[in-house]
Amino acid sequence: MTGTSTTSPSPAALWRRWRGVLVVALLIAGTAAIALLISGESRQGRELDPGDTTLTGSKGLAELLREAGVEVVRVSDATAAEAVADDDSLLLVPHTVRLPPGQFERLAALPSDRLLIAPATYTRSALAPGVRWTADARTRSRDPHCALAAAARAGSAYTGGFAMTAPAGATGCYPAGGGHTLVSYTSAGRTITVAGDGGFMTNLRLGEDGNAALAMNLAGSHRTLIWMVPPDDPDEREALVWAGGRTIYELVPAGVYWALLQLVIAVALVAAWRARRIGPVVVERLPVAIRAAETVEGRGRLYRARRARDRASAALRAGTLHRLVARLGLTADAGPEVIAAALAGRTGQDAHQVRSALYGPPPADDAGLVALAAYLDTLERQVRDT
């Protein structure tokens, strides 16, 4: 009789056979998911647009200005701005606006005052002559530290982006990086204000700190606000972006980003595949010797930076008490009066002074802390010598 043998593959064999297909399927699914995310990002809002309700838009500020009686006019070129500009108007130009040659010069000829948000070099040279960037500045909440009424009344605000200097006579606010993140000055009879970042004007940040007050004070100072924005039509917007006004990121072909994305996914998959074969990371414990003096100095610098005189004095007193109690032959639960009396008897010091040094309030200043440390050291040395 002839026996039959099973030929069904084992789970390990099935895994080896199908793992390549599974990796390809995961790669396709991941690429599709990221493509959906990117397409979703392309439909995100328009930054600093008075008609946009997303987090980066400024619809909230525009509505507040209209409620305050300011006429907010949304324009996308110099011709539209010229039609509404007068002596009681303010021209707001965000960093998102790029115009072909000649249009910035037309805007500079308008009778309006100007509010520029993180302007590029060509925008700044035409509309804010004399303003120079000094350094990048991290966007965070800052105090104004200036006499400009719009900033002083608003108080702290979310500013940064760029620190800058302005011509003589200008007022600088929210200092950072050797300059200021908001400057205001007068040129040719017009008030020109430049902000290094427009985050305080967005729907996301408007309700924080004094952002709303600062935005209202700057943008609502005239009867009419001429708010420049890029054109709504993508084709028209692309046509207006001339080569000299493009950023380095806009000059990179779109295919490069897709290639980088696929490369990142491939590297991640290869890393996950090889990690199981290489095995876990072996951790070897190595002895590390840190000198006591380095530890003490490090803690001292930390206390000084935080002005933690209370903690520093408590550490000094605790260490002194720990060493003195053992030398005096007292128990760990001995009270302040007992310890002070024992120390006074051993050293000849005044008991009240000893008790104040060991259990008194924290020093009021650094000089008091130094004096306390010196006294405790003297006290401990006298006990040790006797």
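The values are calculated or read from the model by the stated rules, or taken from the named source; none is laboratory data. Since the model is a prediction, treat every value here as computed from it, not as a measurement. As a convention, Cβ positions derive from the backbone with ideal geometry for all residues, glycine included, and neighbour counts pool all protein chains shown.
General observations
- Of the residues examined, Leu92 is one that is touching a Leu at 6+ places or on another chain (Cβ under 6 Å), modelled with pLDDT of 90 or more and either hydrophobic (A, V, I, L, M, F, W, C) or closer than 30 Å to Val267 by Cβ (or both).
- Under the condition of being surrounded by 13 or more Cβ atoms within 10 Å (Cβ to Cβ) and of a type outside the set (Ser, Thr, Tyr), the residues counted in the range 366-386 number 10.
- Output for the range 60-84, where each listed residue is part of a loop (DSSP other than H, G, I, E, B) and farther than 20 Å from Ala213 by Cβ: Ser76, Asp77
- Filtered residues of the range 309-331 (kept if within 35 Å of the chain's Cα centre (by Cα) and surrounded by 15 or more Cβ atoms within 10 Å (Cβ to Cβ)): Arg309, Ala312, Ser313, Ala315
- Going through (1) under 30 Å from Ala305 (Cβ atoms); (2) part of a helix (DSSP H, G or I); (3) in contact with a helix residue (DSSP H, G or I) (Cβ under 7 Å, 6 or more places away or on another chain) one by one, Ala341 falls short only on (1).
- Filter result for Asp310 (closer than 20 Å to Arg381 by Cβ and acidic (Asp, Glu)): no
One line per residue, one yes/no per condition, for (1) at pLDDT below 80; (2) closer than 20 Å to His95 by Cβ:
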{"site": "Trp242", "(1), (2)": "yes, yes"}
{"site": "Arg246", "(1), (2)": "yes, yes"}
{"site": "Glu250", "(1), (2)": "yes, yes"}
{"site": "Ala254", "(1), (2)": "yes, no"}
{"site": "Ala268", "(1), (2)": "no, no"}
{"site": "Arg277", "(1), (2)": "yes, no"}
{"site": "Pro280", "(1), (2)": "yes, no"}
{"site": "Leu286", "(1), (2)": "yes, no"}
{"site": "Arg291", "(1), (2)": "yes, no"}
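Residue-by-condition table, conditions (1) in contact with a strand residue (DSSP E or B) (Cβ under 9 Å, 6 or more places away or on another chain); (2) at pLDDT 95 or above; (3) of a type in the set (Lys, Arg):
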| position | (1), (2), (3) |
| --- | --- |
| Ala35 | no, no, no |
| Ser39 | no, no, no |
| Gly45 | no, no, no |
| Leu55 | no, no, no |
| Glu71 | yes, yes, no |
| Val84 | yes, yes, no |
| Thr96 | yes, no, no |
| Pro111 | yes, yes, no |
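- Flag for Thr202 being of a type outside the set (A, V, I, L, M, F, W, C) and in contact with a Cys (Cβ under 7 Å, 6 or more places away or on another chain): no
- Selection within the range 357-386 - over 45 Å from the mean Cα position of the chain (by Cα) and either modelled with pLDDT of 90 or more or part of a helix (DSSP H, G or I) (or both): Thr378, Leu379, Glu380, Arg381, Gln382, Val383, Arg384, Asp385
- Test: residue in the range 123-133 that is modelled with pLDDT under 95 and out of contact with any strand residue (DSSP E or B) (no Cβ under 8 Å at 6 or more places or on another chain): yes
- The listed residues are Thr139, Thr159, Thr181, Thr191, and the only one of them that is at pLDDT below 95, part of a strand (DSSP E or B) and either in the same structural domain as Leu64 (by TED's automatic domain parsing) or of a type in the set (Lys, Arg) (or both) turns out to be Thr139.
- For Ala126: the one exception among (1) in contact with a helix residue (DSSP H, G or I) (Cβ under 7 Å, 6 or more places away or on another chain); (2) of a type in the set (A, V, I, L, M); (3) farther than 28 Å from Arg66 by Cα; (4) in a strand (DSSP E or B): (4)
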